[in-house]
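What follows is a set of notes on a single structure, which appears directly below.
Each value in this text was obtained by applying a stated rule to the coordinates, not by laboratory testing. These numbers come from a predicted model, not from an experiment. Cβ atoms come from the backbone with ideal geometry, glycine included; neighbour counts cover every protein chain shown.
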Amino acid sequence: MARETKTRLDVPKAPGRQLVRRPPYDPETFGRFAEAFARFMGTARFLAYMTVFIVVWVLFNLIGIYRFQWDPYPFILLNLFFSAQASYAAPLILLAQNRQEGRDRVQLEHDREANWRSHADMEFLAREVASLRMGIGDVVTRDFLRSELRAVLAELEERASAESGQTPRRSGT
């Protein structure tokens, strides 16, 4: 039976017995590297370094005709260098953009949730204010109470003066 499992193709091999050992890969570390690389390539410092590099390259290959000339005038090796740089830079920049897009998507979702909660809170508060206004409409205010008391006092004075036959006295004069 043990011999049979070694030749069977439907039984996986032991986990420690891989044919090719791969180095450990952490996508977060590589993503952080890509973002740092993309940030550096977008700076004036990078442009200055590249300009100095190109000027030195061209000077060594034009002026140093006999001693340092390793890439003659059409600068094929320099073009190859730029092509290799671009072939690595473009995917790294795209990876950095994709990671930023993912962060932006998560932030947008959080903003949408916060806006939704704020909207729900505002609707609740608007309903509460409306119910308070309706409740206040039934509450007696100070001015309304004073005017009613004045009306009752005036009516009582009129009754008292009518019973005694005198002219009613005006308050506040």
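Here are the numbers for the structure shown:
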quantity	calculated
Relative contact order computed over the stretch 8-163 (Cα-Cα under 8 Å; 6+ residues apart), in percent	23
Environment charge at ASP111 (Cβ cut-off 13 Å; Lys +1, Arg +1, Asp -1, Glu -1)	+1
Value of D in µm² per second that Stokes-Einstein yields for the stretch 27-139, Kirkwood Rh from Cα pairs, at 10 °C (1.306 mPa s)	81
Estimated FRET transfer efficiency when R0 is 22 angstrom, pair VAL52-ILE76 (beta carbons, to 0.05)	0.55
DSSP-loop chymotrypsin sites (Phe, Trp or Tyr not before Pro) across the stretch 34-112, with at most 13 other Cβ within 10 angstrom	TYR66, PHE68, TRP70
